[in-house]
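For reference, the structure discussed in these notes is given below.
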Amino acid sequence: MDFRYTHEEEAFRSKLHGWLEKTSGEVFGRGKDGGVGASTASLLDVGDDTRWQRLLEYHRRLYDSGYVALHWPTEYGGGGATLMDQAIYQDEVLSYALPLYGANQLAIDRIGPTLMFMGTQAQKDRYLHKMLTGEEIWCQGYSEPNAGSDLAGIQTRAVLDGDTFVINGQKVWTSLAHRAHMQVLLVRTDPDAPKHKGISYLLVDMKSPGITIRPLVQITGEAGFNEVFYDNVRVPKENIVGEINQGWQVSIATLMYERVSGGTRHPVQRTITELLELSRHTEFEGIPANNHPYVRQRLAQFAVEAECLRLSRYRSLTSQLKGKIPGPESSFGKLFATELNLRVAMFADELLGPYATVDKGSIGAVEGGRWMARSLAARGLTIAAGSSEIQHNIIGERVLKLPKG
Ligand SMILES: Cc1cc2nc3c(=O)[nH]c(=O)nc-3n(C[C@H](O)[C@H](O)[C@H](O)COP(=O)(O)OP(=O)(O)OC[C@H]3O[C@@H](n4cnc5c(N)ncnc54)[C@H](O)[C@@H]3O)c2cc1C
């Protein structure tokens with residue numbers, strides 16, 4: 001495996017690096033070594049209005065510079081970039097702890113590509129461009145109070161009345177719903193069919209009469225999640241993607257795009273580097289933490305695991321470059337990275353002792369309280385997009401071919 005960039009790739013990386021340094025400084029007031037609040041990559045980090053406005057400004061600049069959707073084909077306004085350039089983009093952007101697709105992560109990462117693949121021409125014309133510009137922000141209404149891991153158990157009903165679907169029900173944990181203009185919504189259109197076969201996939205205007213959005217405040221104090229209620233909400237029939245009752249297949253296509261462009265970097269690698277830095281100016285059991293044998297062992301173990309993650313992502317990228325579908329390594333990636341991130345956050349708590357619980361704005365808060373915010377948020381990442389237990393089931397059944405439990 002050759003880890004070096006070609007001349008053209010290095011030129012692309014260098015130009016992007018210069019753009020990120022300038023833009024990150026101008027919009028977020030920080031460069032690569034960023035400091036406090038550096039983990040802006042979270043979709044839930046959008047409760048604060050000022051931060052949201054900054055994110056929108058960053059999105060506009062991404063669009064103006066042509067970086068917002070490098071993986072989209074040029075015919076839809078994307079960059080038509082090679083897999084390698086996409087990987088370079090991901091690695092550079094994550095090294096700045098910036099979100100990959102500005103303020104419209106779900107639209108550009110998954111929903112837009114799903115429309116390209118399965119939407120009508122009218123849907124492509126109506127929605128794709130405004131996803132890129134950020135004029136229309138999208139959210140994803142899948143989970144319900146009794147349907148999370150068992151997503152096919154959704155109960156939100158849509159009944160066809162002439163040319164309109166009438167929707168009643170509730171979604172929960174909808175990231176960004178309070179900021180979004182549009183939503184992809186999974187609804188039950190045939191309650192009598194087997195559960196995977198009675199679901200449809202609709203595009204819903206969040207300003208439709210009958211929609212009520214209630215933000216949920218997380219343990220971090222942020223309100224990035226929402227409960228969304230639907231009371232006789234009318235959605236035009238042409239807003240269905242795919243055929244009626246085939247929404248499960250459409251939603252699977254949406255999830256598959258999650259891995260369309262594999263970079264080699266993961267945000268946890270940056271967190272480990274920052275933990276190392278923290279150990280340089282923290283005491284543990286009365287001695288400098290970075291001299292303490294226990295701390296050194298833990299840091300070394302994290303560094304080894306982060307390197308394994310990086311090499312595994314290289315392997316995945318290499319097989320994609322050879323035109324192969326990513327193998328089992330991509331099934332392990334989410335599980336391994338989010339669990340590592342959780343262990344790193346818990347170790348930071350151990351290192352900081354009582355100071356780990358001091359929130360931002362209080363006397364004694366370490367690095368603006370960011371370690372506390374991380375430790376509170378880390379568990380959520382092991383649940384979002386399929387919990388760790390569900391990932392274990394997938395690996396057991398589909399990779400190791402164990403009998404279904
Ligand atoms: C940060 C974050 C962002 C999110 N954003 C969105 C969003 O934008 N839109 C949206 O629709 N949803 C979103 N979700 C919701 C997310 O998809 C669900 O939380 C997730 O699917 C789990 O569902 P649940 O919360 O209902 O838990 P449950 O499915 O009730 O699971 C409860 C516990 O049981 C375990 N469990 C369940 N089934 C099994 C099984 N078969 N085998 C072993 N263990 C099992 C789970 O691992 C978990 O520990 C988000 C969640 C998080 C944390």
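From largest to smallest, what semi-axes in whole angstrom does the chain give when each is the square root of 5 times an eigenvalue of its alpha carbon gyration tensor? Provide the component values of the computation, followed by the final result.
On the way: eigenvalues 257, 121, 102 Å².
Computed over the chain, the values are 36, 25, 23 Å.
With Cα atoms defining each centre, segment 331-364 and segment 207-231 are spaced 27 Å apart in the structure. Listed by Cβ neighbour count within 10 Å, with the fewest neighbours leading, 362, 95 appear as 362, 95. Which whole-angstrom value gives the distance between the alpha carbon centres of segment 122-201 and segment 52-97? Spelled out, the Cα-based centre of one part sits 26 Å from the other.
Normalised by 2.2 N^0.38 Å, where N is the number of residues, the C-alpha radius of gyration of segment 164-308 stands at 1.59. When only the Cβ of Lys, Arg, Asp and Glu is charged (+1, +1, -1, -1), the dipole of the chain relative to its Cα centre reaches about 500 debye. Within segment 337-404, the proportion of C-alpha pairs whose separation exceeds 18 Å stands at 49%.
Return the calculated 222 nm mean residue ellipticity for the chain, to the nearest 500 deg cm²/dmol, obtained by summing -39500 (n - 2.57) across DSSP H runs with n ≥ 4 and dividing by the residue count. Could you put the intermediate results ahead of the total?
Working: 11 runs with 169 residues, N = 405.
Calculated from helices alone, the mean residue ellipticity at 222 nm is -13500 deg cm²/dmol.
With contacts taken as Cα pairs under 8 Å and at least 6 residues apart, the chain reaches a relative contact order of 13 percent.
Relative to the longest principal axis of the Cα atoms of the chain, the long axis of helix 267-280 lies at roughly 20 degrees.
Here, each number is a calculation from the coordinates, and none is a lab measurement. Every value quoted in this text rests on a predicted model; they were computed, and no experiment measured them. Positions of Cβ are generated from backbone atoms using ideal geometry, with glycine treated the same way; all protein chains shown enter the neighbour counts.
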